[in-house]
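The values are calculated or read from the model by the stated rules, or taken from the named source; none is laboratory data. Values in this document were obtained by computation on a predicted structure and should not be read as measured data. Methodologically, a virtual Cβ is constructed for each residue, glycine included, from the backbone with ideal geometry; neighbour enumeration extends over all protein chains shown. Surface accessibility is based on the protein's heavy atoms, side chains included, excluding ligands, DNA and RNA. Shrake-Rupley method; radii C 1.70, N 1.55, O 1.52, S 1.80 Å.
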Amino acid sequence: MTFQLPPYPYDRLSLLGKLAEAMPGGIVDCSIGTPCDPPLPAVVAALSGSGSERGYPASAGSLELREAAAGWLERRFELPTVAATAVAACVGTKELVASVPQVLRLRQPERDTVLFPAVSYPTYAMGAALAGCRAVPVASRPGELGGLDLDSIADSDAARALVLWSNSPSNPTGDLGDLPGDAAWGRSHDVPVFSDECYAEFTWDGPPRSILQSGTSGVVAVHSLSKRSNLAGVRVGFFAGDPEMVEFLRAVRQHAGLMVPGPAQAAGVVALADDAHVEVQRARYHERLVFLAGVLSKHGCPVELPAGGFYLWVPVPADRWVDAWAMAEELARRGGLLVSPGDLYGEGGAGFVRVAVVQPMERLALVADRLAADR
Ligand SMILES: Cc1ncc(COP(=O)(O)O)c(C=O)c1O
């Protein structure tokens with residue numbers, strides 16, 4: 001059978017986008033987690049000042065970038081020394097998430113299964129599909145919005161697993177999960193655990209967490225500058241952890257020609273050395289989360305603040321709408337607000353909409369005014 005690509009998740013939103021665009025004052029697009037705030041000026045300056053355009057960049061990342069990433073991991077997560085050789089660059093993290101199953105299959109061809117959170121970023125499942133593997137969703141922890149119910153994983157699936165993905169803070173639910181538990185499960189079942197931690201800086205409930213706090217054996221943490229430093233357009237990410245696994249990925253990726261452009265690497269070094277701009281960004285997202293949660297609650301859609309991340313995961317009030325698409329349509333029509341229906345993140349998300357607080361306060365205030373005028 002030939003490979004059938006599913007529709008790209010966000011293409012399904014285009015009709016709702018047209019409704020929101022029709023509002024006077026235009027659309028307030030909170031559907032995609034793409035940052036709208038400016039990056040640090042010194043980072044932008046580094047993009048044009050590195051002099052690294054002529055030669056090929058190191059696929060693993062320059063020593064400066066790997067050291068900057070290692071230093072940030074040590075600082076942010078209070079880790080003991082992280083060796084620069086246990087860190088490697090990726091071209092933003094989406095390509096890594098999508099390609100990890102293919103690469104790991106080279107290492108363990110007898111395995112064919114990718115385990116990932118049942119309600120999650122769609123690329124975990126897509127990575128399985130692109131590698132011709134089985135995508136096996138793992139249910140959320142009982143009574144929780146996210147995390148991984150590790151006891152629910154069948155032994156037969158664990159035996160075939162190339163990788164277990166965890167994602168803390170979770171997109172879309174904001175749940176922080178149980179990273180030490182995930183690491184321990186991986187070790188006891190001999191399954192590599194890849195921990196997507198791209199929202200770690202936006203942890204609201206306690207300090208930021210990394211799976212590397214449970215040691216590096218059998219685990220790889222995946223990080224991105226897209227959200228932390230408003231650099232989604234520059235494409236810089238990195239992964240770090242188990243030295244043998246990092247080295248295997250690094251080597252395969254070098255052969256495949258995956259390289260972060262030199263100027264982008266130079267920008268990454270500057271961004272990773274600075275924490276002050278992240279504090280400013282944290283304050284922005286927190287203010288918007290609190291404001292929009294209040295607006296939605298007043299509009300009859302109560303929602304709790306997330307433990308992490310910059311998404312509101314809003315339950316669809318069953319007495320008002322038949323499903324998340326109907327709720328999203330009304331928010332688009334009346335508020336000019338575009339949100340993502342939760343089933344884009346898996347069947348278990350069908351009773352929710354996800355709102356990314358990636359618009360400035362004045363645009364969110366416009367939504368508040370529109371919804372209030374419409375009552
Ligand atoms: C959970 C998660 N992982 C990874 C990514 C990819 O980010 P990037 O490729 O910009 O690093 C995203 C982007 O939205 C995400 O939400």
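Just a few scattered comments:
- Which listed residue is open to solvent by 10 Å² or more (accessible area, probe 1.4 Å) and of a type in the set (K, R), from R250, R228: R250
Condition check ((1) of a type outside the set (A, V, I, L, M); (2) within 16 Å of the ligand (Cβ to nearest atom)) across all residues:
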{"position": "L13", "(1), (2)": "no, yes"}
{"position": "L16", "(1), (2)": "no, no"}
{"position": "S31", "(1), (2)": "yes, yes"}
{"position": "T34", "(1), (2)": "yes, yes"}
{"position": "S52", "(1), (2)": "yes, no"}
{"position": "P57", "(1), (2)": "yes, no"}
{"position": "G61", "(1), (2)": "yes, yes"}
{"position": "Q102", "(1), (2)": "yes, no"}
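- Beta carbons closer than 7 Å, at least 6 apart along the sequence or on distinct chains, pair a first residue in the stretch 1-26 that is in contact (Cβ under 8 Å) with a residue 60 or more places away in the chain with a second that is open to solvent by 100 Å² or more (accessible area, probe 1.4 Å) for L19/R333.
- Set S168, S152: member being under 24 Å from A307 (Cβ atoms), within 15 Å of the ligand (Cβ to nearest atom) and modelled with pLDDT of 95 or more: S168
- Neighbours by Cβ (under 6 Å, 6+ apart or cross-chain): first from the stretch 75-98, within 16 Å of Y199 (Cβ to Cβ); second open to solvent by 20 Å² or more (accessible area, probe 1.4 Å) and away from the ligand (no atom under 16 Å from the Cβ): F77/Q213
- Which numbered condition L312 misses (of (1) open to solvent by 50 Å² or more (accessible area, probe 1.4 Å); (2) in a strand (DSSP E or B)): (1)
- Test: residue in the stretch 348-357 that is open to solvent by less than 10 Å² (accessible area, probe 1.4 Å), assigned to a helix (DSSP H, G or I) and either under 25 Å from S140 (Cβ atoms) or of a type outside the set (F, W, Y) (or both): yes
- Within the stretch 104-121, restricting attention to residues that are away from the ligand (no atom under 16 Å from the Cβ) and touching a residue at least 60 places away in the same chain (Cβ under 8 Å), the residue that is surrounded by the fewest Cβ atoms within 10 Å (Cβ to Cβ) is L106.
- Residue match in the stretch 192-215 (condition: of a type in the set (G, A, S), open to solvent by less than 10 Å² (accessible area, probe 1.4 Å), under 20 Å from T123 (Cα atoms) and within 15 Å of the ligand (Cβ to nearest atom)): yes
- Matching option when the condition is open to solvent by 10 Å² or more (accessible area, probe 1.4 Å), at pLDDT 95 or above, out of contact with any Phe, Trp or Tyr (no Cβ under 9 Å at 6 or more places or on another chain) and farther than 16 Å from V220 by Cβ, among R187, R160: R160
- The residue pairs whose first member lies in the stretch 218-234 and is more than 8 Å from the ligand (Cβ to nearest atom), whose second member is assigned to a loop (DSSP other than H, G, I, E, B) and among the charged types (D, E, K, R), and whose beta carbons are closer than 9 Å, counting only pairs six or more residues apart or on different chains, are G218/D190; G218/D242; V219/D242; V220/D242; A221/E197; H223/E197; S229/D274; N230/D37.
- Residues of the stretch 269-286 that are touching a Lys or Arg at 6+ places or on another chain (Cβ under 8 Å) and among the small types (G, A, S): A271 alone.
- Any hit, the stretch 87-100, residues being of a type in the set (A, V, I, L, M), within 11 Å of the ligand (Cβ to nearest atom) and open to solvent by 10 Å² or more (accessible area, probe 1.4 Å): yes
- Any hit, the stretch 320-332, residues being in a helix (DSSP H, G or I) and touching a Ser or Thr at 6+ places or on another chain (Cβ under 9 Å): yes
- Set side by side, the residues E304, E329 differ, and just one is under 25 Å from P6 (Cα atoms), open to solvent by 20 Å² or more (accessible area, probe 1.4 Å) and modelled with pLDDT of 95 or more, which is E329.
- Selection status of P142, away from the ligand (no atom under 16 Å from the Cβ), part of a loop (DSSP other than H, G, I, E, B) and at pLDDT 95 or above: no
- Residues of the stretch 256-267 that turn out to be more than 24 Å from V219 (Cβ to Cβ) and assigned to a helix (DSSP H, G or I), as a count: 6
- Hits in the stretch 253-271 - residues which are among the polar types (S, T, N, Q) and either in contact with a helix residue (DSSP H, G or I) (Cβ under 8 Å, 6 or more places away or on another chain) or at positive phi (or both): Q265
- The listed residues are S48, S59, S14, and the only one of them that is modelled with pLDDT of 95 or more, among the polar types (S, T, N, Q) and in a helix (DSSP H, G or I) turns out to be S48.
- Among the residues listed as G71, G132, the single one being out of contact with any strand residue (DSSP E or B) (no Cβ under 8 Å at 6 or more places or on another chain), more than 15 Å from the ligand (Cβ to nearest atom) and not in a helix (DSSP H, G or I): G132
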